[in-house]
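Reading through the structure tokens given below for one structure.
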Amino acid sequence: MPLDDASKDWLRARFGDRVRFDEPMSRHTSLRVGGPAEAFVTPTDADELAALVVGARRRGLACLVVGGGTNLLVLDRGIRGIVAALGGALTSISAETAHRGQVRVTAMAGARMAALCAFALRQGLAGLNFAVGIPGTVGGAIAMNAGTPDGCIGDVLEGLRVLLPSGAERHLDRRELAFGYRSLDLNGLSDPATGAAAVIIAGRFALASGDAAAIRAQAAAVMQRRKARQPYDRPSAGCFFKNPPGGMSAGEIIERAGLKGKRIGGAVVSERHANFILNAGGASAEDFLQMMALVRQTVAERFDIVLEPEVRTVGS
Ligand code: EPU
């Protein structure tokens, strides 16, 4: 249901200047599209996040937790209820030496992946170079098991701190985590009654002390390769589709389908990397939806391959 006055009063009283109403999500997504969130809250710490999640649940309000908005297509009519944005808050990163050169790094969910990679480089820690250049937040990267052919979050994550829908916190060991290709299944922690999901608060990574100069050189090479292959001059959500099983990458398939440069409204398939759909200016979410449908249909007809979006669509 839409936010009523009592709910707005609660949000104002509890979260002060951390809440904004009718906030355009185009300001908070890397695609730069998306209608308004009825309420947009940036909690400053885990306690405030818990108060928000529990208070919303008690009032029957939907509460969608987002990271940096880098893998999100928000529809043009926006998002009912509350959006809790962690990118920009809950950003601390700390290290603790374990044994025999192993170092545990704990990063809060709102920390940028770029900040986590930079932290590891400064400390001469190996294990995260696959992630150099991955946009978004640590929480978002864990939630989707972000990665590249060189590695993924599930390879280095040792444990997870989550907020359950009840407001209680839980620590999960890596053995309890069901990572898949670009996925982490936390459905078992959802509230069956309301469907409210558990929220990732922090991740603990197992890294190893190494040769700082060599690690830095490798990171620079990864970044250079990325920049040579991927478009950075227009807003995008990174790779739009997951690579399907079978060996051929989504980018190659979309290119072979003849879709490079294809344009619908302001949404354009990149000439440089066909798995990037760019906002070439003034695009709407509808443009992206139509482009997604066109790409999927064309690829299905030409190659009998079903492309699954990596980008998550939310809102109405
Ligand atoms: N290719 C084409 N045409 C294209 C794009 C790619 O023929 O338009 C070919 C390339 O020549 C290459 C193969 O496809 O032979 C794979 O391309 P690339 O090395 O660019 O890797 P990718 O599989 O397209 C993956 C990740 C990227 C990540 C790169 C880093 C997925 C879905 N994508 O891309 O992640 O940056 O590896 O090498 O796993 C993201 O998830 O948002 C993302 C960008």
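Computed from the coordinates by the stated procedures, all read-outs in this text should not be read as laboratory data. Note that the structure is a prediction, hence the values are computed from the model and not measured. Cβ: placed from backbone, ideal geometry, glycine included. Neighbour counts: every protein chain shown.
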Cα pair distances exceeding 32 angstrom across the chain, given as percent: 31
Convex hull volume per residue in cubic angstrom - Cα atoms of region 47-167: 114
Surrounding net charge for VAL268, when Lys and Arg each add one and Asp and Glu each subtract one, Cβ distance under 12 Å: +2
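Can you check how the C-alpha radius of gyration of region 122-264 compares to 2.2 N^0.38 Å, as a plain ratio?
1.23
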Residues of type lysines that LYS262 reaches as a straight line, Cα spacing below 29 Å, ignoring anything fewer than 8 places off in the same chain: LYS227, LYS242
Phi-based couplings in Hz for region 274-283 (Karplus 6.51, -1.76, 1.60; Gly and Pro marked x): 6, 8, 9, 9, 9, 8, 7, x, x, 5
Residue-wise HN-Hα coupling along region 186-191, computed from phi with Karplus coefficients 6.51, -1.76, 1.60 (Hz; x: Gly, Pro): 10, 4, x, 9, 6, 7
